[in-house]
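S.K.: This structure is in structure tokens; I'll ask about it shortly.
The values are calculated or read from the model by the stated rules, or taken from the named source; none is laboratory data. Source: prediction; values computed, not measured. Note: ideal-geometry Cβ built from the backbone for every residue, glycine included; neighbour counts use all protein chains shown. Surface accessibility is based on the protein's heavy atoms, side chains included, excluding ligands, DNA and RNA. Shrake-Rupley method; radii C 1.70, N 1.55, O 1.52, S 1.80 Å.
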Amino acid sequence: MVEVARTHRVGSRRVSALVLLGFCTISVLLAQRGTVRDFLDEEDNPAPMPADAQEPGEYTFARLRYTSKRNGYWGRGGGAWSTDWPKADRQFVQGVRRLTRVNARSVEQVVELDSEEFMQYPWIYATEVGRWDFTEKQAARLREYFLKGGFMMTDDFHGTFEWSVFYEGLQKVFPDRPVVDIEDKDQIFHVLYDLKERFQVGGIQMFFTGRVSENDGYDAKWRAVLDDKGRVMIAICHNMDLGDAWEWADHPRYPENFASLAYRVGVNFIIYSMTH
Amino acid sequence: MFEFLFRYPRSVFTKGDLVLLGSWPVWLLGVLIVAGIVGLGWLMRSRQSEAVGSIKGWRSLVLWALQSSMLAAVLTLLWQPALLVSTLKPQQNVVAVLVDDSQSMALKEGGQARRDQARTPLQAGVLDALSRRFQVRLYRVADRAERIKALDTLTAQAASTNLGDSLKQVSNETAGLPLGGVILVSDGADNSGGVDLDTITELRTRRVPIHTVGVGLEQAVKDVELSDVQAPARALADSRIAAQLTFEQRGYEGRKAKLAVRDGSKVVAMREVTFGKEGNWQTESLLFNAGSAGARAFKFSLDLQEGEENQKNNSTERLVNVQDGRRRILYIEGEPRWEFKFVRRAIEDDKSVKLVTLLRTTQNKFYRQGVDQPTELEQGFPAKVEELFGFHALILGNVELNYFSPTQQELIKSFVDRRGGGLLMLAGRNALSEGGWAKSALAEVLPVILPERKGTFLREPAAVQLTGTAIDSLITRLVEQPGANDERWRKLPQLADYQDIGTPKLGAAVLAEYTPGGRARLPLLVTQNYGRGRTAVLGTSGTWRWQMQQPLEDQTHEVFWQQLQRWLVTETPGPVVASTPRQMLFDESRARLSADVRDKTFLPAADVEVEARVLGPQGLTERIKMKPDAVTPGLYLTDYALPKTGSYLVEFTARRGAEEVGRDVVTLQRQDGVAENFRTGQNRELLEKLSQQTGGRYWKPADLNRLADEIALSEAGITVREARDLWDLPAVFMALIALRGTEWWLRRKWGAV
């Protein structure tokens, strides 16, 4: 009689522990969901149109619109190209205006490879390039763009799989040029700021995952495709999310050092492209 | 006809003095004439009432005038009018006969060489006629006069003609002799540029008339002559050179010919031209690459045409000193711009030019590129003369005036004026008028008058086109053919921006214009020389669109900027600038060499020693100390006689003690037997002037039978005064008949007879 009662008591405690564990887990999860919600709420309130939006400038933040390799919505605009747009662009440009003498237009310009205006923007930004794809014609146009003096900054793609997709697209543009690691002494890291110490800049997902890195992209890779004179044509920022840093630099929870590095890298890339 | 009516040649009337040989006093003639006229007048008036009605009034005055003229003429004839002329005493005077013996006299015209055209009439009787009255001295003339015994020794092979020196020599040789006159038989193709005033004055003082006999056609019937080539004396290695070729043709109007330039045997450029109206000078340009460094002799030529009478005047040479070494340009940019990037890329492969850039990236930070030393331009834009003057040209981008201190502003002005550098100012939101340059001291050096207002810079597209002035400009020549070049510019992508750069100054060259939004054309690229340097303003910072919006293989942007940069630096002098008036010496040997020496601040250096080291043909070497000019500080001169034909290189070195101040090189070439091939048409103008200014006369070979008589009418030598009667001239007789006959005819017409 006593043995049955003991068994019954042991079974009840296990159930209680499980329930308690479950409760705690859900609580933690709910707490996380609340933090991500903070950022998602902000995404619903994009950056306002600046008062001088109509004023042209010498430099324009040109964002490349491309066809995503996989279907699916990510961010506003209906494609991976639009990640962080337009807040990242406008907030970054504010920094460019404040930190340099570059006469930057306050609003961004979305450009497409098939458009005539594409060649009017010698500096372009392409994000989530782990999803990009080109037709042969678009690839040829991009190749011509670089060889004539155009510059591209790529950002926000992580890990082995996304690299393979990026590289596949890149091969269409430059099948015969290698991707190299940018050396520390390269002028692109010293043209305005000395960026000797660089680190991985994470996106807001880190508040959800608890990790700065995404997928298996554990280490920040600073890579490039060079022209015949050793100048950077494509600056490849792999395993980092500089766009998020620009976008959330004004958020109190976003790490200041991440935002600072992201701004300095972006500014260096602009100055470099306007001097080389 | 003249001599038939007036019995004597014109020269008797032009040289003679009118006199009355009658023994009665001249005043009596006057009195009688007046009395006769008055008397006739009174007679006519007194018989007016008896006169026929039709000859009253003005008709009677006409008749009175005719009768008065008749009376005056008859009375004058009674006083024996005559001309007093000086004539050479026979056999007591010397007449010098100078015959041109240069190569141009070997030209054949109508199957006969000019030498023979000259010789034949002289040998056919003219010389004999002269010898009967004078002592004749025969000379052959070329670059100097040489006494000869007979005309058979003429060879027509002398390399050049110098009539002035020859006449001077004859005058000196006959200084103690009674020289009655000079006969010069020549085609007038003088290579020394004419007869100098001193020689003419000397002959006029002696009253020696020069009778010139013009030989040869004044113009060839069928000939093409390349008469002049203008090419720069210096060029940078691998740069483009523009040469202006001037030629004339006869008999080939509308035909096509090839203009070519050769470097040795290699044709470096060629293009087809169409001959214009014959007899007109025509100028065409030819662009070619200078090639590698060194002293180069480029040969310019026009195709030989079928049937050309003179085949030796279709080509000529010019020397160009092609220099190596990179010219440094300092480009200061006020903010990062695309134009800055693409200009750097456009000229990075140009081995002759090195761009050193100073870019203001932030308010107080500069990014330096192209510096030779890590410390170069560390303090920003140079504030010291030696530092700035170490550059050959300066480009000011989007930089406001206030960035530069007053000292730096003056330095920039001196950089252009004194140092001789090139200055280019670009457009921008802080440049030109926007940057406060309109009222600066530097406004004086600019080729435009900047607008005194803001809002001149606009980021709007604008189309470009060339102006007519740009036809000959190397800066804007993207395509060889002028017409195609014009079209090429019209098709260029629109500029990214433009700026109103104001009004071009007098003498400035507007090479390109832009059309903003289809409105009126405004100047885009304007250049001008200032002091020893040159300046340019480019009213845009948006040419980079030519690179990004044209096919990859298109080189328009690169070519334009390379040519603009080379224009900025090519003529920028070093501390020593050597020169000579003519690098090619055709049938002459003397060259004036000069060196302009400046110190480090490019002020004239009057305290240096300058030596010229000559390297000539067949191992010739010579060192010459140059003398400072008494008037111009820093200028050193010497005259050098090139002893042989061939190429010469002269290196000038200036030293102050052991320190070398600088050096420069000039190349020369002496060619003999060339000058006579050019301008071979008879220079009648020179021959006529020579005779007119000395009291002689111009003759054609066919008229020489009267030469001996006319040459006797001279005031030089031993002369006698002769009176030539005028009363028995046929013209006088006919005049008297005409007066009388006219009166009778009028009377008859008016019914009085």
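S.K.: Residues being exposed (fewer than 15 other Cβ atoms within 10 Å of the Cβ) and at pLDDT 85 or above: count how many of those fall in the range B:20-45.
M.R.: Of all residues in the range B:20-45, those exposed (fewer than 15 other Cβ atoms within 10 Å of the Cβ) come to B:21, B:23-28, B:30-31, B:34-35, B:38-39, B:42-43, B:45.
Subsequent filtering for residues that are at pLDDT 85 or above retains B:21, B:23-28, B:30-31, B:34-35, B:38-39, B:42-43.
Of the residues in the range B:20-45, 15 are exposed (fewer than 15 other Cβ atoms within 10 Å of the Cβ) and at pLDDT 85 or above.
S.K.: Moving on to the next point. Any residue that is surrounded by fewer than 22 Cβ atoms within 10 Å (Cβ to Cβ), at pLDDT below 95 and either among the small types (Gly, Ala, Ser) or closer than 25 Å to residue B:570 by Cβ (or both) - is there at least one of those in the range B:424-440?
M.R.: Scanning the range B:424-440 turns up at least one residue that is surrounded by fewer than 22 Cβ atoms within 10 Å (Cβ to Cβ), at pLDDT below 95 and either among the small types (Gly, Ala, Ser) or closer than 25 Å to residue B:570 by Cβ (or both).
S.K.: Go through (1) open to solvent by 10 Å² or more (accessible area, probe 1.4 Å); (2) in contact with a Leu (Cβ under 7 Å, 6 or more places away or on another chain); (3) farther than 24 Å from residue B:677 by Cβ and name the single condition residue B:202 misses.
M.R.: (2)
S.K.: Scan the range A:249-273 residue by residue and report those that are more than 25 Å from residue A:161 (Cβ to Cβ) and more than 14 Å from chain B (Cβ to nearest Cβ).
M.R.: Within the range A:249-273, A:249, A:250, A:251, A:252, A:253, A:254, A:255, A:256, A:257, A:259, A:260, A:261 meet the criteria.
S.K.: Further question: Looking only at the range B:624-644, count every residue that is open to solvent by 20 Å² or more (accessible area, probe 1.4 Å), aliphatic (A, V, I, L, M) and assigned to a loop (DSSP other than H, G, I, E, B) and tell me the total.
M.R.: Within the range B:624-644, residues that are open to solvent by 20 Å² or more (accessible area, probe 1.4 Å), aliphatic (A, V, I, L, M) and assigned to a loop (DSSP other than H, G, I, E, B) number 2.
S.K.: Here's something else I'd like to know. Return yes or no: is residue A:89 more than 14 Å from every other protein chain (Cβ to nearest Cβ), of a type in the set (Asp, Glu) and not in a helix (DSSP H, G or I)?
M.R.: In short, no.
S.K.: Scan the range A:165-179 and give yes if some residue there is touching an Asp or Glu at 6+ places or on another chain (Cβ under 9 Å), of a type in the set (A, V, I, L, M, F, W, C), in contact (Cβ under 8 Å) with a residue 24 or more places away in the chain and surrounded by fewer than 21 Cβ atoms within 10 Å (Cβ to Cβ), otherwise no.
M.R.: Yes, the range A:165-179 contains at least one residue that is touching an Asp or Glu at 6+ places or on another chain (Cβ under 9 Å), of a type in the set (A, V, I, L, M, F, W, C), in contact (Cβ under 8 Å) with a residue 24 or more places away in the chain and surrounded by fewer than 21 Cβ atoms within 10 Å (Cβ to Cβ).
S.K.: Taking residue B:582, is it under 30 Å from residue B:649 (Cβ atoms) and either free of Cβ contacts under 8 Å to residues at least 40 places away in the same chain or within 12 Å of another protein chain (Cβ to nearest Cβ) (or both)?
M.R.: yes
S.K.: Quick check, is residue B:476 buried (at least 18 other Cβ atoms within 10 Å of the Cβ), more than 30 Å from residue B:597 (Cβ to Cβ) and in contact with an Asp or Glu (Cβ under 9 Å, 6 or more places away or on another chain)?
M.R.: Details: buried (at least 18 other Cβ atoms within 10 Å of the Cβ): yes; more than 30 Å from residue B:597 (Cβ to Cβ): yes; in contact with an Asp or Glu (Cβ under 9 Å, 6 or more places away or on another chain): no.
Taking the combined requirement at face value, the residue does not satisfy it.
S.K.: Without any contact (Cβ under 8 Å) to a residue 60 or more places away in the chain, touching a helix residue (DSSP H, G or I) at 6+ places or on another chain (Cβ under 8 Å) and charged (D, E, K, R), is that true of residue B:101?
M.R.: For residue B:101, the condition - without any contact (Cβ under 8 Å) to a residue 60 or more places away in the chain, touching a helix residue (DSSP H, G or I) at 6+ places or on another chain (Cβ under 8 Å) and charged (D, E, K, R) - is met.
S.K.: In addition: Every residue in the range B:645-660 that is open to solvent by 70 Å² or more (accessible area, probe 1.4 Å) and assigned to a strand (DSSP E or B), please.
M.R.: B:655, B:656, B:659, B:660
S.K.: OK, next. One residue is enough: does the range A:138-153 have a residue meeting the conditions in a helix (DSSP H, G or I), surrounded by 16 or more Cβ atoms within 10 Å (Cβ to Cβ) and among the hydroxyl-bearing types (Ser, Thr, Tyr)?
M.R.: yes
S.K.: Also, quick follow-up: Being surrounded by 15 or more Cβ atoms within 10 Å (Cβ to Cβ), within 14 Å of chain A (Cβ to nearest Cβ) and under 24 Å from residue B:573 (Cα atoms): is that true of residue B:370 here? Even if it seems obvious, please write down each step before you answer.
M.R.: On the way: surrounded by 15 or more Cβ atoms within 10 Å (Cβ to Cβ): yes; within 14 Å of chain A (Cβ to nearest Cβ): yes; under 24 Å from residue B:573 (Cα atoms): yes.
Yes: the conditions hold for residue B:370.
S.K.: With the structure loaded, tell me whether residue B:2 is under 27 Å from residue B:68 (Cβ atoms) and under 54 Å from the mean Cα position of the chain (by Cα) or whether it fails that test.
M.R.: No.
S.K.: While we're on this one: When you go through (1) modelled with pLDDT of 95 or more; (2) more than 12 Å from chain B (Cβ to nearest Cβ) one by one for residue A:75, which number turns out not to apply?
M.R.: (1)
S.K.: Of the residues in the range A:190-216, how many are within 19 Å of residue A:125 (Cβ to Cβ), over 13 Å from the mean Cα position of the chain (by Cα) and away from every other protein chain (no Cβ under 14 Å)?
M.R.: 2
S.K.: Take residue A:65 and decide whether it is among the basic types (Lys, Arg) and away from chain B (no Cβ under 14 Å).
M.R.: yes
S.K.: Does the range B:306-314 contain at least one residue that is modelled with pLDDT under 90, under 30 Å from residue B:107 (Cβ atoms), open to solvent by 40 Å² or more (accessible area, probe 1.4 Å) and basic (Lys, Arg)?
M.R.: yes
S.K.: Quick one: which residue in B:32, B:61, B:107 is among the hydrophobic types (A, V, I, L, M, F, W, C) and in contact with a Leu (Cβ under 8 Å, 6 or more places away or on another chain)?
M.R.: Going through B:32, B:61, B:107 in turn, the sole match is B:32.
S.K.: Report, by residue number, each residue of the range B:90-141 that is open to solvent by less than 10 Å² (accessible area, probe 1.4 Å) and either over 35 Å from the mean Cα position of the chain (by Cα) or outside the structural domain of residue B:708 (by TED's automatic domain parsing) (or both).
M.R.: Result: B:93, B:94, B:95, B:122, B:130, B:134.
S.K.: Go through (1) over 24 Å from residue B:3 (Cβ atoms); (2) open to solvent by less than 90 Å² (accessible area, probe 1.4 Å) for residue B:725 and report which single condition fails.
M.R.: Every listed condition holds for residue B:725 apart from (1).
S.K.: Mind counting the residues in the range A:143-160 that are free of Cβ contacts under 8 Å to residues at least 60 places away in the same chain and more than 12 Å from chain B (Cβ to nearest Cβ)?
M.R.: So the count comes out to 1.
S.K.: Shifting gears a bit: What is the residue count in the range B:218-254 for residues that are more than 18 Å from residue B:315 (Cα to Cα) and touching a Ser or Thr at 6+ places or on another chain (Cβ under 9 Å)?
M.R.: Going through the range B:218-254 one residue at a time, the tally reaches 8.
S.K.: Need the failing condition index for residue B:601 against (1) open to solvent by less than 60 Å² (accessible area, probe 1.4 Å); (2) not in a loop (DSSP other than H, G, I, E, B), just the number.
M.R.: Failed condition: (2).
S.K.: If you don't mind, another one. Being surrounded by 15 or more Cβ atoms within 10 Å (Cβ to Cβ) and part of a loop (DSSP other than H, G, I, E, B) is the filter; apply it to the range B:604-623 and report the residue that is nearest to the chain's Cα centre (by Cα).
M.R.: Applying the filter and picking the extreme gives B:616.
S.K.: Can you tell me how many residues within the range B:247-275 are in a loop (DSSP other than H, G, I, E, B) and surrounded by fewer than 16 Cβ atoms within 10 Å (Cβ to Cβ)?
M.R.: 5
S.K.: Follow-up. Quick check on this structure: which one of B:407, B:316, B:375 is part of a loop (DSSP other than H, G, I, E, B), away from chain A (no Cβ under 13 Å) and hydroxyl-bearing (Ser, Thr, Tyr)? Can you show your working first?
M.R.: Numbers: B:407 fails: part of a loop (DSSP other than H, G, I, E, B); B:316 fails: part of a loop (DSSP other than H, G, I, E, B).
Within the list B:407, B:316, B:375, the selection yields B:375.
S.K.: Now a separate question. Take the residues of the range A:109-127 that are assigned to a loop (DSSP other than H, G, I, E, B) and open to solvent by less than 20 Å² (accessible area, probe 1.4 Å): which is nearest to the other protein chains (Cβ to nearest Cβ)?
M.R.: Among them, the one singled out is A:122.
S.K.: Please report, ordered by residue number, the strands (runs of 3 or more DSSP E) entirely within the range B:508-577 with at least 1 residues that are open to solvent by 10 Å² or more (accessible area, probe 1.4 Å) and within 14 Å of chain A (Cβ to nearest Cβ). Before the answer, list the steps.
M.R.: On the way: elements: B:509-516, B:522-530, B:533-538.
In the range B:508-577, no matching strands (runs of 3 or more DSSP E) lie anywhere.
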